[in-house]
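Derivation of every value follows stated rules applied to the coordinates shown; laboratory data play no part. Bear in mind that the values here come from a model prediction, so they are computed numbers and not experimental data. A quick note on method: Cβ atoms are made from the backbone with ideal geometry, for glycine too, and the neighbour counts reach across all protein chains shown.
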C-alpha cells in the first residue's frame, strides 16, 4: 500500500430535518390543536484515531465527505429520525489543521474529534403554540450542517527512530528485532516509506520506526528524507546507525546530525544511541577504536552490533528500555506540573447567546448578526407571514429594535441576517 501522510478533505455535516406543520384530526374532536413534530438533527462528522491504520491512503479516492441528513417531523408530534454520524478513521498521530492552524492532535487509540456538527432539526408548529398564537401555521426549517475544509497530516508515533545514511542496515535491524518485514537490498533507497515494528523484550514493549532516505541536504528536500523527517519529531530516542565499514564514519554521523538540526533544532536535542553496524565483517580492533573515537568526540553511548548474528542487540534493547522509562517518568512529571485541560467537544445544541451586532450599510439597509439570531433566521421560512412575525418578535425581545432606532432606522427599512432580507416593522 502506498504511504500517504498528508491529505486535504472537505466536510459537510448533515442538515437538520424540517419541523412539521400539522393539526390534530380525530373523529368527534372538532378543535384539534397543532401537533407538528420536530425534525431530526443532521449527522455529525467525527474523526477518530485508530491503531489499525498507519497511513492516510484510504482518503486518496474520496476527498468530500457528507453526513446523513435528519428526517422531517410528522403529525401527531412524531419527531423525525436523526441522521447517523459519519466516522472517519485516521492513524494515531494524525494532526488536524484548518487554514494552517492546528485544531486537534489525535495521539491515542480511540481519541475522537467532532470535525463538523450536524444541523439542528427544525421545531414543529406544536412548539409555537401560546396564549396569543393558538394556531401557528409555521414551523422551522432544518439547520444546515457545518461545512469545513481540513488538512490531515500524519506524524507517526514511535518510541524509537532509527536514523542514518542509506544502506547502513536500518531495515535489517528492524526486521531482526520485530515482526516488521521491510524491503532489504544492497542499494540506496530500497525503503520508500517508514517501517513500524513492535519490539517485545523482557516483558517490555516499545515501537520502533526507521526514517528512510536521509542524505546530505535532506532538510532542503534532497533525496527522500525530507518526506519523513517530520515523523522524527514524535520519537523519544534515536538509534543513529553508522556503517562501521564506511571510510568516513565520523563524517557520516555529523552529516545526519546537521540535517536534523537544520530541519528542526529540537531534533538534535533528543536522546540518542550511536549504533555501529555491520560488525560481523570488521576487525575487532578497528571496531574498538571506532567506538572509542565516537565516545571521546561526541560523548554518546555507543553500541556495536551485527544484526544478522544478533551481536550487541541485547545490550541495545536493555539500554533503550531503561532510557524510555526515564523519559516517561520525566514526561509524567512535566504533564502533572503543566497539565492543561483538553477542550470538550459537545454535540451541537441550540445556541443560547443573545449577543448581536447591528451595522448600517446604507440609508435603507441594516446588517444584523449574532450566533442565536443568525440561527433563527437560517431556520425560518420568512416567506411565511407567521414565521416572519416570529422573526420580528425575536428582534424586539433581544434588543435589536432599540439599536436599530438608535441608528436611525425607520419602519420599512430592509434588514439582512445571514443573507436573508426582509422588511422591518419597527
- request: At 7 Å along the Cα-to-beta-carbon direction for both residue 287 and residue 112, put a label point, then send me their distance in nm to one decimal.
  value: 5.3
query: To the nearest Å, what is the center-to-center distance of the stretch 60-119 and the stretch 263-334, using C-alpha atoms only?
result: 44
statement: Rounded to the nearest 0.05, FRET efficiency between residue 250 and residue 201 (Cβ-Cβ, R0 35 Å) equals 0.75
- prompt: Could you give the length gained on full extension between residue 23 and residue 396, defined as 0.36 nm per residue of separation minus the Cα-Cα distance, in nm?
  reply: 131.4 nm
query: Going by alpha carbons, how many degrees (0 to 90, nearest 10) lie between the helix axis of 249-263 and the longest principal axis of the chain?
result: 10
query: What angle, in degrees between 0 and 90 and rounded to the nearest 10, separates the Cα long axis of helix 385-397 from the longest principal axis of the Cα atoms of the chain?
result: 70
statement: Quick shape check on the stretch 50-158: root eigenvalues a ≥ b ≥ c of the Cα gyration tensor, a/c under 1.5 is rounded, otherwise prolate if a/b tops b/c, else oblate, and it reads prolate
- request: Residues in the stretch 400-426, backbone N under 13 Å from the label point at residue 364 (7 Å along the Cα-to-beta-carbon vector): list them, ranges by number please.
  value: 410-415, 422-424
Separation of the residue 98 and residue 319 label points, Cα + 7 Å toward Cβ, nm: 4.6
query: For the chain, what relative contact order do you get, as a whole percent, if you take Cα pairs closer than 8 Å and at least 6 residues apart?
result: 12
- line: Measuring from the longest principal axis of the C-alpha atoms of the chain, the long axis of helix 313-338 (C-alpha) lies at a number of degrees, nearest 10, equal to 40
Contour excess over end-to-end distance, with Cα ends at residue 8 and residue 50 and 0.36 nm allotted per residue: 13.2 nm
statement: Between residue 270 and residue 295, the two model label points (7 Å from Cα along the beta-carbon direction) sit apart by a distance in nm of 2.5
task: Give the residues of the stretch 11-55 whose amide nitrogen is closer than 17 Å to a point set 7 Å from the Cα of residue 129 in the direction of its Cβ.
output: 19-39
